[in-house]
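The values are calculated or read from the model by the stated rules, or taken from the named source; none is laboratory data. In this text, all values refer to a predicted model and were calculated from it rather than measured experimentally. So basically every Cβ, Gly included, is an ideal-geometry build from the backbone, and we count neighbours across all protein chains shown.
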Amino acid sequence: MFDAAFPNRRPEVATGHRKPELLEFAFELLNRAPFPYLILSLNGAILNANNAAVELLGEEIVAVPRLPLIALLSTQDGQAFGQWLRCLRYERTSFLVTLRPRESAIEARLMPDLVRNNDEVLVLLAIEDLRELRNAEQRLSKLREQLELRVRERNRELAQTNDRLRSKIDECGVLELELRHRMQELDDADRAKDEFLALLAHELRNPLAPIRNALEVMRQDELQPATRIWAQSVIERQVEHLRRLVDDLLDLSRISRGKIVLQRRPMRLEEAVDRALEMSAPLIASRHHRVERRQWPEPLFVDADLERLAQAVANLLNNASKYMEPGGTIGIELERHGSDATLVVRDSGQGIDPELLPRVFDPFTQGDHSLHRTQGGLGIGLALVKRLIELHGGQVLARSSGPGLGSEFEMRLPCSSEHEPAAAPDRPRLEASPSRRVLIVEDNVDAAETLRMLLELHGHEAQVSYDAGSALTAAAQFHPDAMLLDIGLPDMSGRELVAILRSRPETSGALILAVSGYGSQADIDASRAAGFDQHLVKPVSPEALEAALAVRGATR
């Protein structure tokens, strides 16, 4: 029956084996199974094997009669194999072993089952070859390692991306804060602009009111000479005040853009103080203020632009006078501290609030915006002082003990290395210009007519044109030897008009002056390039106009 169950067995291999009397079809099924099977006795001897087992373990397992399976096991596995066999009657458990047939090692799992063959109990042992499983596990482990490596790399990439994203978020947070700060600055600037425009309108209307009132007084039929002189003085002072407002604005803008060039020379600081007192005298006198001056025993020499330095000192004096009640005292002290010459201007006026003190030199900053404040200003005088002194390499400081306790401004300038100042250039003496035939080209009727009357009062013959077209006709008929051209004319610019006038024989050699409200250096240079002899900035004083007309015409 055994031979029938395993028909492919070699006869010599089966010799010597006892033939278990198993069912014939069972052995046939086992022999055809692809899975290795052994039939063992309870003491572990190999009684038979199917073809898959022979292929796995070698033919010696059936060539040697009743070969103990323990002979194919490692020493360590052999010790536990016997105990495992003894326990099979009570518990069916698999057994992991290393089979070593033909000097090879096969990791396998032994899966037993007990079968009865007549009166004998046999062990039907299925052998699971774990090599493929181990290879698969190794491949799986390698794949797992590769996957873990890739996951770690990906996590690292994600961490780096997160770091970059977090950095971008932080940057966005900073940008958001900066944007909010900028928006707040823009809001503050917009609010400051509105306040400045309101203040500018207020300051421009202030001098217009007395000018208008003085004009009404001068219209009276029976006007006393003293009253006329007083009205003229009022108009002159207020026009001068308007001029200072505009000049301060322009100067601050020019300094901010680096357009001011200082004409420096070694000079005594006392010269600037003397000039500043001349400039501020009308305001100080109108406020009935006293000036107390304390000189340094020796002359203090500085390298400075006299006009600009005097302008800065005058602004300090004007500031002291404007913010002090009538009858107060302005103190001026000149001292030397080491290598610096110092000028201190003190007043007994309203003082400076501690919160305002750090910003007192900022443009458009004022301490009192109340309606009852009688003395005006745009809040740029001190800012202009600071910029001018810094251009000279010095610094200016403000001090005050608080409201009502007066204020003190200290100006520091480096002392000059030259002890003898260069001679100051003499101011040119203004002489009356010879009588001229003057053509005025101005589209503002009032400005043109008042200028014509002024010229006629000074002995000139004047004629007016209100646009460029009529000016060309008038020039051909009037034959002027001097012309005053507004830059902004309705039909063409003054610069275009002067080019045409220079191309005509009757006007090519005439004295042609530009008269404009634009007074930057770029505007002056543009006028010179267009063909003008000089560029006068509105409002032109009678003295400046006479000086300009005294110059001979162009020789082009």
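Which one of these does residue 324 not meet: (1) within 39 Å of the chain's Cα centre (by Cα); (2) crowded, with 19+ Cβ neighbours inside 10 Å; (3) over 11 Å from residue 409 (Cα atoms)?
If we test residue 324 against (1) within 39 Å of the chain's Cα centre (by Cα); (2) crowded, with 19+ Cβ neighbours inside 10 Å; (3) over 11 Å from residue 409 (Cα atoms), just (1) comes out false.
Please go through region 285-307 and give me each residue that is part of a loop (DSSP other than H, G, I, E, B), out of contact with any Leu (no Cβ under 7 Å at 6 or more places or on another chain) and crowded, with 18+ Cβ neighbours inside 10 Å, ordered by number.
The initial filter retains those residues of region 285-307 that are part of a loop (DSSP other than H, G, I, E, B), namely 287-289, 295-300, 305.
Adding the requirement that they be out of contact with any Leu (no Cβ under 7 Å at 6 or more places or on another chain) leaves 287-289, 297-299.
Hits for region 285-307 are 287, 289.
Just checking, which of 336, 275, 265 is surrounded by 14 or more Cβ atoms within 10 Å (Cβ to Cβ), of a type in the set (D, E, K, R) and within 40 Å of the chain's Cα centre (by Cα)? Break it down into steps so the answer makes sense when it comes.
On the way: 336 fails: within 40 Å of the chain's Cα centre (by Cα); 275 fails: within 40 Å of the chain's Cα centre (by Cα).
So the residue among 336, 275, 265 that is surrounded by 14 or more Cβ atoms within 10 Å (Cβ to Cβ), of a type in the set (D, E, K, R) and within 40 Å of the chain's Cα centre (by Cα) is 265.
Kindly list, by first and then second residue, each pair from a residue in region 474-502 that is surrounded by fewer than 17 Cβ atoms within 10 Å (Cβ to Cβ) to a residue that is among the acidic types (Asp, Glu), limited to pairs with Cβ atoms under 9 Å and residues at least 6 apart or on different chains.
Pairs that qualify, where the first residue is surrounded by fewer than 17 Cβ atoms within 10 Å (Cβ to Cβ) and the partner is among the acidic types (Asp, Glu), are 476/506; 479/506; 488/443; 490/443; 490/467; 491/467; 492/467.
Between 195, 203, 240, 270, which is at negative phi and either at pLDDT 75 or above or not in a helix (DSSP H, G or I) (or both)?
Details: 195 fails: either at pLDDT 75 or above or not in a helix (DSSP H, G or I) (or both); 203 fails: either at pLDDT 75 or above or not in a helix (DSSP H, G or I) (or both); 240 fails: either at pLDDT 75 or above or not in a helix (DSSP H, G or I) (or both).
Every option except 270 fails the conditions.
Check off (1) modelled with pLDDT of 90 or more; (2) within 27 Å of residue 362 (Cα to Cα) for residue 160 and give me the number that stays unchecked.
(2)
Kindly indicate the residue of region 31-52 that is in contact with a helix residue (DSSP H, G or I) (Cβ under 7 Å, 6 or more places away or on another chain) and assigned to a helix (DSSP H, G or I) and also farthest from residue 132 (Cα to Cα) among those meeting that condition.
So, considering only residues that are in contact with a helix residue (DSSP H, G or I) (Cβ under 7 Å, 6 or more places away or on another chain) and assigned to a helix (DSSP H, G or I), the one farthest from residue 132 (Cα to Cα) is 31.
Can you report the number of residues in region 400-417 which are closer than 15 Å to residue 317 by Cα and either part of a strand (DSSP E or B) or at pLDDT 90 or above (or both)?
Pass one, region 400-417, residues closer than 15 Å to residue 317 by Cα: 406-411.
Adding the requirement that they be either part of a strand (DSSP E or B) or at pLDDT 90 or above (or both) leaves 407-411.
The number of residues fulfilling the criteria is 5.
Could you say which residue among 109, 66, 154 is farther than 21 Å from residue 33 by Cα and more than 60 Å from the chain's Cα centre (by Cα)?
Values: 109 fails: farther than 21 Å from residue 33 by Cα; 154 fails: more than 60 Å from the chain's Cα centre (by Cα).
Exactly one residue qualifies, and that residue is 66.
One residue is enough: does region 119-126 have a residue meeting the conditions free of Cβ contacts under 8 Å to residues at least 40 places away in the same chain and surrounded by 13 or more Cβ atoms within 10 Å (Cβ to Cβ)?
So far as region 119-126 goes, no, none of its residues is free of Cβ contacts under 8 Å to residues at least 40 places away in the same chain and surrounded by 13 or more Cβ atoms within 10 Å (Cβ to Cβ).
With 128, 157, 132 as the choices, which residue is under 22 Å from residue 30 (Cβ atoms) and assigned to a helix (DSSP H, G or I)? Break it down stepwise before answering.
Values: 128 fails: assigned to a helix (DSSP H, G or I); 157 fails: under 22 Å from residue 30 (Cβ atoms).
Every option except 132 fails the conditions.
Keeping to region 99-114, report how many residues are surrounded by 14 or more Cβ atoms within 10 Å (Cβ to Cβ) and either of a type outside the set (Lys, Arg) or assigned to a strand (DSSP E or B) (or both). Even if it seems obvious, please write down each step before you answer.
Within region 99-114, the first condition is being surrounded by 14 or more Cβ atoms within 10 Å (Cβ to Cβ), and the residues that meet it are 99-101, 106-112.
Of the ones still in play, those that are also either of a type outside the set (Lys, Arg) or assigned to a strand (DSSP E or B) (or both) are 99, 101, 106-112.
Residues flagged as surrounded by 14 or more Cβ atoms within 10 Å (Cβ to Cβ) and either of a type outside the set (Lys, Arg) or assigned to a strand (DSSP E or B) (or both) within region 99-114 amount to 9.
Being touching a Leu at 6+ places or on another chain (Cβ under 9 Å) and at pLDDT below 75 is the filter; apply it to region 243-262 and report the residue that is surrounded by the fewest Cβ atoms within 10 Å (Cβ to Cβ). Spell out the reasoning first.
If we filter region 243-262 for residues that are touching a Leu at 6+ places or on another chain (Cβ under 9 Å), which is where we start, we get 245, 248-249, 251-252, 255, 260, 262.
Narrowing further to those that are at pLDDT below 75: 245, 248-249, 251-252, 255, 260.
Details: 245: 19, 248: 19, 249: 15, 251: 20, 252: 20, 255: 18, 260: 17.
In this case the residue turns out to be 249.
Pairs needed: first member in region 443-468, in the same structural domain as residue 545 (by TED's automatic domain parsing) and of a type in the set (Gly, Ala, Ser); second member anywhere, in a helix (DSSP H, G or I) and surrounded by 16 or more Cβ atoms within 10 Å (Cβ to Cβ); C-beta distance under 6 Å; at least 6 residues apart or different chains.
Qualifying pairs under 6 Å: 462/452; 462/455; 465/471; 465/474; 468/497.
Kindly list the number of the only condition in (1) polar (S, T, N, Q); (2) closer than 28 Å to residue 243 by Cα; (3) buried (at least 19 other Cβ atoms within 10 Å of the Cβ) that fails for residue 507.
(2)
Kindly check whether there is at least one residue in region 373-380 that is modelled with pLDDT under 75 and basic (Lys, Arg). Give the derivation first.
In the first step, residues of region 373-380 are kept if they are modelled with pLDDT under 75; the result is 373-380.
From what is left, the residues that are basic (Lys, Arg) are 373.
The answer is yes; a qualifying residue exists.
Considering region 339-358 alone, what residues qualify as being within 37 Å of the chain's Cα centre (by Cα) and charged (D, E, K, R)?
Selection gives 340, 353, 355.
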